1. Within the set of pairs 6+ apart or on separate chains, which have a first residue in the range 11-25 that is under 15 Å from Val52 (Cα atoms), a second that is surrounded by 12 or more Cβ atoms within 10 Å (Cβ to Cβ) and of a type in the set (S, T, N, Q), and C-beta atoms under 8 Å apart?
2. Would you mind listing the strands (runs of 3 or more DSSP E) fully within the range 40-124 where at least 2 residues are surrounded by fewer than 17 Cβ atoms within 10 Å (Cβ to Cβ) and among the small types (Gly, Ala, Ser)?
3. Can you pull out every residue in the range 156-179 that is in a strand (DSSP E or B), of a type in the set (A, V, I, L, M) and free of Cβ contacts under 8 Å to residues at least 12 places away in the same chain?
4. Of all residues in the range 2-39 being part of a strand (DSSP E or B) and farther than 27 Å from Ala87 by Cβ, which is least open to solvent (accessible area, probe 1.4 Å)?
5. Kindly indicate the residue of the range 164-174 that is surrounded by 12 or more Cβ atoms within 10 Å (Cβ to Cβ) and of a type outside the set (Gly, Ala, Ser) and also farthest from Ala83 (Cα to Cα) among those meeting that condition.
6. Which residues, counting only those in the range 45-81, are under 30 Å from Asp134 (Cα atoms), modelled with pLDDT under 90 and small (Gly, Ala, Ser)?
7. Answer yes if at least one residue in the range 135-155 is surrounded by 18 or more Cβ atoms within 10 Å (Cβ to Cβ), under 12 Å from the mean Cα position of the chain (by Cα), modelled with pLDDT under 95 and in a strand (DSSP E or B), and no otherwise.
8. For residues that are surrounded by 21 or more Cβ atoms within 10 Å (Cβ to Cβ) and not hydrophobic (A, V, I, L, M, F, W, C), scanning just the range 125-134, find the one that is nearest to Ala83 (Cα to Cα).
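The values are calculated or read from the model by the stated rules, or taken from the named source; none is laboratory data. Source: prediction; values computed, not measured. Virtual Cβ from ideal backbone geometry, glycine too; neighbours counted across all protein chains shown. For accessibility, only protein heavy atoms count, side chains too; no ligands or nucleic acids. Shrake-Rupley method; radii C 1.70, N 1.55, O 1.52, S 1.80 Å.
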Amino acid sequence: GADGNTVRICEPYQGHAWPEDYKEPLDNEITGMVAAGNYVIVTTRGNPYYGVISAPDQRIFNKLETEQTIVSARSLVDTGDGAIYAAADGLVLVGAGGSSLLTRDIISEEYWRSLDPETIHGYLYKGQYIGFYDSGTLGQGGFIFDFSNKSIVQISTYCTAAHSDLAEGALYMLVGGDV
């Protein structure tokens, strides 16, 4: 869990127990977290962190050197071995190896900013990042970022919320008030 700028770790299998000894203070306020296995990626109002937690009292958090701060908590998605989020200049991938601006050579920063990245909410579906935006410049819409060929395709569909169900291999979207 998170409290301000502090990562809080509970006792294993005891979600009600959050000892003071298991707190990890970071430099900035926490805006989101992605956890899988024994690692966690934490986004903050500054740099993101990559943490490895062997046990609640055995943890290492490394600040990732990047100038790309998350601008929309709803854009944060788990990739299985890292996380992707919307930053002011494009989509950012963070993980154990550091960070990279995925869209650097694909779309211009000017176009990205016209999407109003602060409004982006994203979902991972079949190896693709699907994002939706509500831009004052372009209106509502979406895009699909394909990891395999490093391309972005614009879509006219806009949804207010979605859920990627890995077990069913489906993406459920709320479009115009209907599922």
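1. From the range 11-25, the pairs are Lys23/Thr6; Glu24/Thr6; Pro25/Asn5; Pro25/Thr6.
2. Details: elements: 49-55, 58-63, 82-87, 90-95, 98-101.
Here the list reads 49-55, 98-101.
3. Narrowing the range 156-179 to residues in a strand (DSSP E or B): 161-165, 170-175, 178.
From what is left, the residues that are of a type in the set (A, V, I, L, M) are 161-162, 170-171, 173-175.
Answer for the range 156-179, where residues must be in a strand (DSSP E or B), of a type in the set (A, V, I, L, M) and free of Cβ contacts under 8 Å to residues at least 12 places away in the same chain: just Ala170.
4. Within the range 2-39, the first condition is being part of a strand (DSSP E or B), and the residues that meet it are 2-3, 6-8, 11, 14, 23-25, 30-36, 39.
Now drop any that are not farther than 27 Å from Ala87 by Cβ, which leaves 11, 14, 23.
Values: Glu11: 53, Gln14: 80, Lys23: 75 Å².
Applying the filter and picking the extreme gives Glu11.
5. Result: Leu174.
6. Matches in the range 45-81: Gly80 only.
7. Within the range 135-155, the subset surrounded by 18 or more Cβ atoms within 10 Å (Cβ to Cβ) is 142-143, 145, 152.
Keeping just the survivors that are under 12 Å from the mean Cα position of the chain (by Cα) gives none.
No, because not a single residue in the range 135-155 is surrounded by 18 or more Cβ atoms within 10 Å (Cβ to Cβ), under 12 Å from the mean Cα position of the chain (by Cα), modelled with pLDDT under 95 and in a strand (DSSP E or B).
8. Initial filter on the range 125-134 (surrounded by 21 or more Cβ atoms within 10 Å (Cβ to Cβ)): 129-133.
Applying the additional criterion that residues be not hydrophobic (A, V, I, L, M, F, W, C) yields 129, 131, 133.
Details: Tyr129: 11, Gly131: 14, Tyr133: 19 Å.
Residue satisfying both the conditions and the ranking: Tyr129.
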